Every structure is written in structure tokens, then in C-alpha cells.
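Below you'll find the structure, written out as C-alpha cells, and then a few comments.
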Ligand SMILES: *Cc1c(COP(=O)(O)O)cnc(C)c1O
């Protein structure tokens, strides 16, 4: 049967209002792509796979949590939702709200959101409120205003978000036919690392999901989690909030993660590790992912690859011969500025046969 989204596939395994009418854009079921050339770039003999979450309907993993959050909100009879966002949450909330016939308000930090994220959010008809403040300030404001009850909060402090996002863990196990040894992901507000750990710790499914999964390993075998923050926005690595987070990886430009305690618990229970990567390291990984494997993710997503390489290079983790999944959280197309700035750019070529031949020979 054709894919009909996460609630259709996994609804029974999630804590949701029974009988609620799913609001879905057929999210999920994203590719898990083997990445042998990127594995060589990283080194250390790992077996690497990329969970390409940029293939979700609005281009990021946020759609997994938004189908559930908006479904729940609609079932409660809400007319409007609100979120703070570094861009992807707003695009996702706006799309699912449009589908549900609800009004969507988003608060974004002025000048710190990639162009394509704002464009999508506006296209879906959301009210975009741009504030002179960080994501953390925006999140505090929307948390407070949602207490009035007029608008429902759909940031990842909303438990329905985590319910939906945990499905990525289940998909990876189905696609890989096993639980990976390591799961590597970027960490911003820490909703995603919380959700993955919940998914990996949940009860096994009752019906086997694939031939490779006849003995569902979910909940018995668990991966180790590797989290990466940007060096200028690394509260979990430093052990204290960062007042003025700075990084060009804007989706993880967060100084005080809402799910701080859950992230620390997940890291420690999994025997995992968290580290900070410099923007240079994140952007080097960003280019490497696209050039070695033909997979275009956004800079923040590449933190999962940058952190993995750095942790292996420094001997902070060991993973030779082991299976590693890097979560590529968002699609590169939404951030055209980063892509053009970190490439050689266009090659001006005269419109003649000879000039074309010269350009080709010079650039072979
Ligand atoms: C939201 C987001 C993150 C960070 O996820 P958290 O759940 O906030 O830790 C990372 N990458 C991208 C592309 C995102 O949109």
C-alpha cells in the first residue's frame, strides 16, 4: 500500500488521542543512504549511513513531530498554533497548520534564519513575527503566551512532538535491519536527541516490520548517541547556558536547550558522547557530504558528520568496523547563501565553442 505518513504507519505505537483525524503530508519514510565515500573522508574504518531527513515534505525532520502535534492540537479543538523557530520548525508548523485549517504564528530571531525557511513559512500563510532577540528569548515568550490558552505551543517542549519524532529511530532499525552501533546527530534545543532515545528505548513492535526484523531488537539493543553542538552555541558541552550563542549553523544556534536534562540522560544512559565542532569543521563536513555522496543537507545537519570525524580523530570515541548512522536533519536547498558561499561559484564562460572547450579543459 502507498505510504500514508507516520500516524498511519506507527499510530498504535505512539501516545496519541485515540481516533484523532491525522493531519499528514505523508511525512517520514526518508531514505537511509549508505555513504562509503564519506566514510573514507572521515576515516577510521566505519560503516556509515545517512538518514536523509531533508526528504520530508517541508525539508526537515520537524515534520515527524508536527504531524502529531498539529493532529493533537486540532483534536483538542484549537484554532491557532504558535512556535519559536530557527526556521525549520516554523516552515513545518505553517504547512501542517495550513493543512489543518488553523492559523499559525511563528517567532523568529531577525536576520538569523535561512532564506528558504522564511520563504516556505510565508508561502504556507503563517504570521511571521520577527523579533530582535535570540531563539531562546523567542521560546520563553511563546511558552508564556501559550499559557493564556488562545494558541497551542508546537515547539518540542510539546510531548506530541517527541512522540512523532521517535519514529525516525524505528525507521532506521527497519531500514538497516539492525540497531546501529552509533547514532550521530546535531543538538540544538535537544528535542531530537530526546526523541531518538525514546524511540530506541521503546517496546518492540508487535508485528515484525521486515524480514530482517523478525526478532525486533528495539528496546533490547541500543545505540550509543553522539551529539554535536556548534562551538559558539555549546551549552551542553560547557555545562552552562550560553547567553549569546553564535554560529553560522543557524538551526542549532541555541544557548539554553529546553530538553537539557533529557539530552544529558540520553547521552549518559546510551554510553554516548557530546562535543563541540567549530563552524569551519561543520562547513567542511557540509561540503564533503554533498561532494562525496551527492546528498545536499543544510550546514547544521552536517554537524553530525563534523562531530563524528572530530571525535574519531581525537580518539574520544572508537568505532572501527562499527555501523554509524548520521542524521542529516534538514535539506540544503533552503539555505542557498551557505551553499554558494562555500563553493567556488560560477565560472564565467564566453558563449563560443573555443571558450567552452578552454573552460572544460581548465576545470577537468
Ligand atoms: C531543529 C533542527 C536541529 C536541532 O534539533 P533539536 O531537536 O533542536 O536539537 C538540527 N538541525 C536542523 C536542520 C534542525 O531543523
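Scoring residue 209 on the criteria (1) farther than 26 Å from residue 303 by Cα; (2) modelled with pLDDT under 95; (3) part of a helix (DSSP H, G or I) leaves a single failure, condition (3). Total residues in the stretch 92-129 satisfying the condition of being exposed (fewer than 15 other Cβ atoms within 10 Å of the Cβ) and outside any helix (DSSP H, G or I): the figure is 5. Residue count for the stretch 299-337, restricted to those that are more than 19 Å from residue 268 (Cα to Cα) and assigned to a helix (DSSP H, G or I): 15. Of all residues in the stretch 223-234, one or more are away from the ligand (no atom under 13 Å from the Cβ), buried (at least 19 other Cβ atoms within 10 Å of the Cβ), modelled with pLDDT of 95 or more and under 18 Å from residue 162 (Cβ atoms). Residue 244 meets the stated requirement of being assigned to a loop (DSSP other than H, G, I, E, B), at pLDDT 95 or above, closer than 19 Å to residue 113 by Cβ and more than 13 Å from the ligand (Cβ to nearest atom).
Scan the stretch 70-91 residue by residue and report those that are part of a helix (DSSP H, G or I) and either within 13 Å of the ligand (Cβ to nearest atom) or without any contact (Cβ under 8 Å) to a residue 12 or more places away in the chain (or both). Of everything in the stretch 70-91, those that are part of a helix (DSSP H, G or I) and either within 13 Å of the ligand (Cβ to nearest atom) or without any contact (Cβ under 8 Å) to a residue 12 or more places away in the chain (or both) turn out to be 88, 89, 90, 91.
The values are calculated or read from the model by the stated rules, or taken from the named source; none is laboratory data. As the structure is a prediction and not an experimental result, all values here were calculated from the model. A quick note on method: Cβ atoms are made from the backbone with ideal geometry, for glycine too, and the neighbour counts reach across all protein chains shown.
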